[in-house]
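In what follows, a structure is listed as structure tokens, so that the remarks can point back to it.
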2 protein chains.
Amino acid sequence: MNTTRRPVLPPGLSEDAFSTALDRLAAAVGAGHVLTGTALDGHADPYAFTDPDAARPSAAVLPASAAEIQAVLEVANDLGIPLWTVSRGRNYGYGGASPRVRGSVIVDLSRMNRVLDVDEATGYALVEPGVSFSGLYEHLRGIGSALWVSVPDLSWGSVMGNTLERGFGYTPHGLHAAMACGMEVVLADGRIIRTGMGAMNGNQAWPLYQGGYGPSLDGLFLQSNFGIVTKMGLWLMPAPEQVIVCAAQAPDEDDLGPLIDALRPLLLTGTVQSNAMVGNALAIASMISDRQQWHTGPGPIPDEVTRTICRALGLGWWNARFAVYGTEELTRARLAAVRAALAGLPGLELITRSYPGSVAAEAVHPADRAQMGVPSTDLIRMAGWRGGEPAHTDFSLVCPPAGEHAVRQRQLIRGRIEEYGFDYAGGFTMFPRHAIALALISFDRSDPGQATAVAKLFPELVRDAARQGYAPYRSHVAFMDLIAEQFGFNDHALRRVNELLKDAIDPNGVLSPGKQGIWPARFRERTSP
Amino acid sequence: MNTTRRPVLPPGLSEDAFSTALDRLAAAVGAGHVLTGTALDGHADPYAFTDPDAARPSAAVLPASAAEIQAVLEVANDLGIPLWTVSRGRNYGYGGASPRVRGSVIVDLSRMNRVLDVDEATGYALVEPGVSFSGLYEHLRGIGSALWVSVPDLSWGSVMGNTLERGFGYTPHGLHAAMACGMEVVLADGRIIRTGMGAMNGNQAWPLYQGGYGPSLDGLFLQSNFGIVTKMGLWLMPAPEQVIVCAAQAPDEDDLGPLIDALRPLLLTGTVQSNAMVGNALAIASMISDRQQWHTGPGPIPDEVTRTICRALGLGWWNARFAVYGTEELTRARLAAVRAALAGLPGLELITRSYPGSVAAEAVHPADRAQMGVPSTDLIRMAGWRGGEPAHTDFSLVCPPAGEHAVRQRQLIRGRIEEYGFDYAGGFTMFPRHAIALALISFDRSDPGQATAVAKLFPELVRDAARQGYAPYRSHVAFMDLIAEQFGFNDHALRRVNELLKDAIDPNGVLSPGKQGIWPARFRERTSP
């Protein structure tokens, strides 16, 4: 790290003005909680595939309260400093804590990490942005709660951050944004609002009723730069009496369509309550083995090697994992319905493991942890699939939960990925009415050829998908404008309305400019078409 | 009807200017679809308890398309005419089609009544605002669909209108707003947006994925005057193999708390998938009998008469109704869990009726129709409870789904209602994480004393409730400002942000001014505190 490099400055600010700004920020949050220079290295994109200098922040501030956020906003509004909000900055694969605008000041909320309330009877927690999934899990165990957390693949990230980005987990509460209820938000002008029933002082149903009186504003703060969420209610699942985790293995690549179509009615009727993660053999192999043990030749892994992997690791070409929950009698009845639905699929193998809901985390099979709400960071191993300096980014398309769509997406994604020399390690996370087609593009960051290939591949995938009527639900910061551009209905009317709302609610354009392609007025000229 | 009364005019418009406006509106939607004078009588509050002249509209227009809505908006913006949007205007008990501002032009969307799309495999319909619940039901039966509709108490109303007002039904899809997915909206300036994935031309997941890329705007159009929704996706339930409808009758008024607490875990775990409607004996009696057959004396019905009613009609003091759905084995397992959960309640009687999911509507017991998704308008009989000219309004508080809260709300509501001489006919509709405490205040509209009493009683209930931390989820138009006023967190910060958004998105303040207490700038001075 070259410590003598010139300091990065917020756009339009002189070194002197920035120095004054830093003094004011230090007064707002305490000098120890303003980071600059090399102390900022933790706030870069850990898996950057383009020049990391292009989006380097000028500083990071770590407020400890809504009042300190208000003080930071005052400085930003006075001086026109773009901020970039992160909860814990663990959005790895999608840019980490990296902002869109060079010189932005990162607002890192990781110090606001209190679980403010847990209600056992009605099943909710009220959390601050810095609470991680593992932190919430430990908190619940610590207070003797029987409530479960729905955990995503990596549990080091923020519960709120993941939820606001529309992330997901693997229990019946896996659609995290659908489980959020009630927010406290600091707006750009420092005004604090509470959404839903929280807008009434002392209302008893703030974290319980997702509606309110009048419009629901909560959705405005998903994948958004309209405010800084400082409190959020999240519904938690009571520990079930019994769980049966199911693994269904289909032998051939062409089994994908029938497998998806067989699973859909189980999800649609709530017979299976978790999502169904349908991963291909390479996706599973990358979680538990190294690529070089299978393939060292040029180009993507050939199909015959995939078949070797299936035999060696006891995998199907497609591997579905899901779970049923309830009383013992209910889980048995659910499993019977699962067996009936899958009976028509030739060569399919169904493996099940039963657990009492009270099982100790250590007694849960590592492959079943997500369905059992047990935090883990095991899957980070996937980033190391290509060896060298581990890195990955994810391509995540929204898909109707139907075989024909899944097959079309697999063809599209696999073809393009292999054209660039990467392996298609991925699959479909099925929910009742949609699926997310995931491709985990692991690369060796120390190989400039691979990084360049990722930077070229991704835009092609986005455009391929858009032509067929599909779009990502989330993406790396580098591709936000590109993806927003694909949403062209009626001359990008939705983006224009988002801009109208943005300008009304954040007139100085200080909050996370460019997030999801929404730019405030002062930045629009240079970036919007 | 006095046809020589002076015409009602939009605020600030002369008779001549209004006449010109009517010509332009006729050019926009066709002369036959502009109503004035006595033709407007169907657009009044059918159950008005205050002077109906105070909120009389000047005209109604019935556009047949988004393009015609755009043309209407152009007239309204040019002349500053306040509009008031209704889907079918059947919001009886909450004001019908009645606007807030005298002289508003009603935009009645009942002619836009096409079911645009039904997808059997993934379970959704795309509907226009004029589609009624019974219309959607008939449409599905007509095309041989096996999809079910979740119907509210009265099926003549608009699916979209009910959903946007956060109404509810009684199947597992009963939280209608949670089942909405994807909207097309005409904004005040005539711009048409599609939310979520619909913002991408040809996207395959518009009615399937509730998220999108960037903020979710859908919530902005619930109980709102931010736009006119012209298309909405709604998730529908696949017909289950089997249903068991359960009626649990608890003998004493004091059984309420334990009954609520016993039902909550069944809902929270999804064991019971419908809501649980817990109605008192008077509520049930008012659906199936006339008050005068029980009580003709002064004042509210005494407890001993309620006990007579229970015996005569075979009711409990509290009567819960809910249902379980699934394969035969699953419904048996669910019912076993229900029996176990209710076993501890002394004197409780559980009555069950089983149906195959394919049962003909005529073969469903009238009391089970709502749980079976069969449309009905039977409950309108409740409005006639007091005899004379039938009318009612509903008091609908949001409540945590816990016995202690239910008991507190019952005390509050019953006490105040009886003080004004009405009967407490109501109960609690329990969802997994909230309940709606309902009191159905039936009155004889031809008795000025009763109408005046309703007008006085309701504000007292609202203030009583707010003092204890409860608020209505919905209300009659006459009480919208009062209720909005109770949401006072941080100096009514949420309302002020709603106003900010309103002014940005509807600068001329033409769309439904005053809805849910949100007034555009030009009306605020005269109404806001």
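Structure values in brief
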read-out: Nearest-20 debye value, the stretch A:341-403 charge dipole, Cβ charges on Lys, Arg, Asp, Glu; value: 40
read-out: Carbon/sulfur fraction of accessible area - the stretch A:222-323, other protein chains in place, 1.4 Å, %; value: 51
read-out: Global geometry of the stretch B:382-529, whether rounded, prolate or oblate, following the gyration tensor of its Cα atoms and the 1.5 cut on a/c; value: oblate
read-out: Equivalent ellipsoid semi-axes - Cα gyration tensor, the protein assembly as shown, angstrom; value: 47, 36, 27
read-out: Proximal charge balance of A:G202 [Cβ under 12 Å; K/R count +1, D/E count -1]; value: +2
read-out: Principal-axis tilt of helix A:403-419 within chain A, Cα atoms, nearest 10 degrees; value: 70
read-out: Residue order for A:E389, B:E404, A:E362, B:E460 - accessible surface, 1.4 angstrom probe, largest first; value: A:E362, B:E404, A:E389, B:E460
read-out: Distances in nm from B:R467 to the matching label points in the other copies, shortest first (labels 7 Å along Cα to Cβ); value: 6.9
read-out: Long-range HN-HN contacts of A:L175 with modeled amide H, under 5 Å; value: A:G169
read-out: Per-residue HN-Hα couplings for the stretch A:130-147 [Karplus 6.51, -1.76, 1.60; θ = phi - 60°; Hz; x = Gly/Pro]; value: x, 6, 8, 4, 5, x, 5, 4, 5, 4, 5, 5, x, 8, x, 6, 9, 7
read-out: Radius 14 Å from Cβ of B:L267, net charge of other residues (Lys, Arg +1; Asp, Glu -1); value: +3
read-out: Contact order normalised by residue count of the stretch B:176-321, Cα under 8 Å, 6+ apart, percent; value: 23
read-out: Cα gyration tensor, the stretch B:77-170 - rounded (a/c under 1.5), prolate or oblate; value: prolate
read-out: Angle in degrees between helix B:448-467 and the longest Cα principal axis of chain B, rounded to the nearest 10; value: 80
read-out: Mean separation of Cα contacts under 8 Å (6+ apart) over length of the stretch A:1-138, as relative contact order %; value: 25
read-out: Per residue solvent-accessible surface (Å²) - the stretch B:112-255, probe of 1.4 Å; value: 25
read-out: Distances in nm from A:P448 to the matching label points in the other copies, shortest first (labels 7 Å along Cα to Cβ); value: 9.1
read-out: Normalised per residue, the volume of the convex hull around the Cα set of chain B (Å³); value: 151
read-out: Accessible-area composition of the stretch A:426-497, carbon plus sulfur, in percent [1.4 Å probe]; value: 50
read-out: Karplus-derived HN-Hα couplings along the stretch A:54-61 (A = 6.51, B = -1.76, C = 1.60, θ = phi - 60°), whole Hz, x at Gly and Pro; value: 5, 10, 6, x, 8, 6, 10, 10
read-out: B/A buried area, accessible surface, summed, 1.4 Å probe, Å²; value: 7400
read-out: The protein assembly as shown - charge dipole about Cα centre, Lys and Arg +1 at Cβ, Asp and Glu -1, debye rounded to 20; value: 220
read-out: Probe 1.4 Å, all protein chains present, accessible-area order of A:R381, A:R408, largest first; value: A:R381, A:R408
read-out: Position A:R6, label points 7 Å along Cα→Cβ, spacing to each other copy in nm (shortest first, one decimal); value: 7.3
read-out: Antiparallel DSSP beta bridges within chain B, as percent of all bridges there, nearest 5; value: 90
read-out: Of A:A402, A:P459, A:Y424, farthest towards positive along the dipole that unit charges on Lys, Arg, Asp, Glu beta carbons give the stretch A:341-470; value: A:A402
read-out: Relative contact order %, the stretch A:272-325, counting alpha carbon pairs below 8 Å whose residues are six or more apart; value: 65
read-out: Cα gyration tensor shape for the stretch A:446-529, rounded if a/c is under 1.5, else prolate or oblate; value: oblate
read-out: HN-Hα J in Hz across the stretch B:386-400 - Karplus 6.51, -1.76, 1.60, θ = phi - 60°, x for Gly and Pro; value: 8, x, x, 9, x, 7, 7, 9, 10, 9, 9, 8, 7, 9, x
read-out: Gap separating the Cα centres of the stretch B:7-26 and the stretch B:375-412, nearest whole Å; value: 40
read-out: Partner lysines for B:K515 [C-alpha distance under 18 Å; skip if fewer than 8 residues away on the same chain]; value: B:K502
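The values are calculated or read from the model by the stated rules, or taken from the named source; none is laboratory data. Quantities reported herein were computed from a predicted structural model and do not represent experimental measurements. Using ideal geometry, Cβ is built from the backbone for each residue, glycine included, and neighbour counts are taken over all protein chains shown. In case anyone asks, the SASA skips ligands and DNA or RNA and just uses the protein heavy atoms, side chains included. Shrake-Rupley method; radii C 1.70, N 1.55, O 1.52, S 1.80 Å.
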